[in-house]
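Laboratory data are not the source of any read-out in this text; all were calculated from the coordinates shown. On a predicted model such as this, the values are computed, not experimentally measured, just so you know. Don't worry about glycine lacking a Cβ; one is built from the backbone with ideal geometry, like all the others, and counts go over all protein chains shown.
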Amino acid sequence: MDLEQKIGEVVETSNSEFLVQCYELDGAPALGSMVKTRGKGGEIYGIVYISATHSVEPGRRITVRGKSHSSESDVFKANPQLAKLLCSDFKVLVVGHSVAKGVYQYLPPSPSSIYAFVYACTPEEVKVFTQSLDFLNLMIESRLTISPDEVIAAFLRYASRTHPEPEEFLVKAGKELAWTLSNDIRRLDSILKRLRQ
């Protein structure tokens, strides 16, 4: 993993999710992207569910600076200190982990370490991970600060691009969702509509 480009480091962690501070401002992966970090027994896999850019000092609001500039990049050129005063971070929902025996789509026994490096998963890793869809139950039952349905749809669209037949993968995922959400047709319909976007 050390040969891959690091996105950032874990700054808050639990068995079910972790918070990553990015090395680059605005460097957070897109909603629904899959990332990995190191756990005690192997790798921990998760889905990006929210990202933000904010002041590094709690309670200090960001103020406008661009009135006399013609572009956003000019604001940063005129105020190089902003790179030290602002940071970007993202939260990750844990959906699986690996040990020597293989990949498991349930929560790991221990969270990642603080300051563990975080990497974007390769398309091949996403493809291998999504051969099984057991992780969907974790996502459906999650209590996130945003709608889990948005995250599920974003991840399935993202993952479909790693498969040779994207439509076939989405149909398979739709069937799994239909079975899992058979008692909540309205929610199922909402997710399926987002898969077509």
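Using a ≥ b ≥ c from the Cα gyration tensor of the range 60-132 (square roots of the eigenvalues), is it rounded, prolate or oblate, where a/c under 1.5 gives rounded and otherwise the larger of a/b and b/c decides, a/b for prolate? Prolate. From least to most packed, judged by other beta carbons within 10 angstrom and beginning with the fewest, Ile140, Ile47, Ile191, Ile62 follow the order Ile62, Ile140, Ile191, Ile47.
Rounded to the nearest 20 debye, the dipole magnitude of the chain is 400 debye, with +1 charges on Lys and Arg beta carbons, -1 on Asp and Glu beta carbons, and the Cα centre as origin.
Using the Karplus relation 6.51 cos²θ - 1.76 cosθ + 1.60 with θ = phi - 60°, the per-residue 3J(HN,Hα) values for the range 64-72 come to 5, 9, x, 4, 9, 10, 8, 8, 5 Hz, with x marking Gly and Pro. Pair-distance distribution P(r) for the chain, from all Cα-Cα distances in 10 Å bins starting at 0: 8, 32, 31, 19, 8, 1 percent. Each of Leu25 and Thr122 was given a label point 7 Å from its Cα along the Cα-to-Cβ line. The distance between the two points is 3.3 nm.
Using 0.36 nm per residue of separation minus the Cα-Cα distance, give me the extension gain between Thr63 and Leu82 in nm, one decimal.
Numbers: separation 19, 0.36 × 19 = 6.84 nm, distance 1.09 nm.
Extra length available between Thr63 and Leu82 comes to 5.7 nm.
If R0 is taken as 41 Å, the Cβ-Cβ distance between Tyr115 and Ile185 corresponds to a FRET efficiency of 0.40.
Mind scanning Lys91/Lys193; Lys127/Lys193; Lys40/Lys172; Lys101/Lys127; Lys36/Lys77 and naming the pairs with a C-alpha gap bigger than 29 Å?
With Cα atoms farther than 29 Å apart: Lys40/Lys172; Lys36/Lys77.
The slack between Glu141 and Val56, meaning 0.36 nm per residue of separation minus the straight C-alpha distance, is 27.4 nm.
Each residue in Val11, Val118, Val103, Val151 was given a count of other beta-carbon atoms within 10 angstrom of its own, and listing them fewest first yields Val11, Val103, Val151, Val118. Of the residues Val20, Tyr49, Val64, the one whose Cα sits farthest toward the positive end of the charge dipole of the chain, with +1 on the Cβ of Lys and Arg and -1 on the Cβ of Asp and Glu, is Val64.
Relative to the longest principal axis of the Cα atoms of the chain, helix 185-195 runs at roughly 60 degrees.
Compared with the dominant principal axis of the Cα atoms in the chain, helix 166-180 is inclined by about 70°. Taking only alpha carbon atoms, the range 1-52 gives an Rg to Rh ratio of 0.92, where Rh is the Kirkwood radius.
Using a Förster distance of 45 Å, how high is the FRET efficiency between Ser73 and Ala100, based on the Cβ-Cβ distance and rounded to 0.05? Don't skip to the end; give the middle numbers.
Working: r = 47 Å, r/R0 = 1.05.
Efficiency for this residue pair is about 0.45.
Dimensions of the range 116-197 along the principal axes, based on C-alpha atoms and rounded to the nearest Å, stand at 37, 32, 22, largest first. Whole-Hz Karplus values for the range 95-101 come out as 10, x, 7, 10, 9, 4, 6 Hz, taken residue by residue from phi with 6.51 cos²θ - 1.76 cosθ + 1.60 and θ = phi - 60°; glycine and proline positions read x. Using a simple spin-label model with pseudo-atoms 7 Å out from Cα toward Cβ, Asn15 and Lys40 lie 1.1 nm apart.
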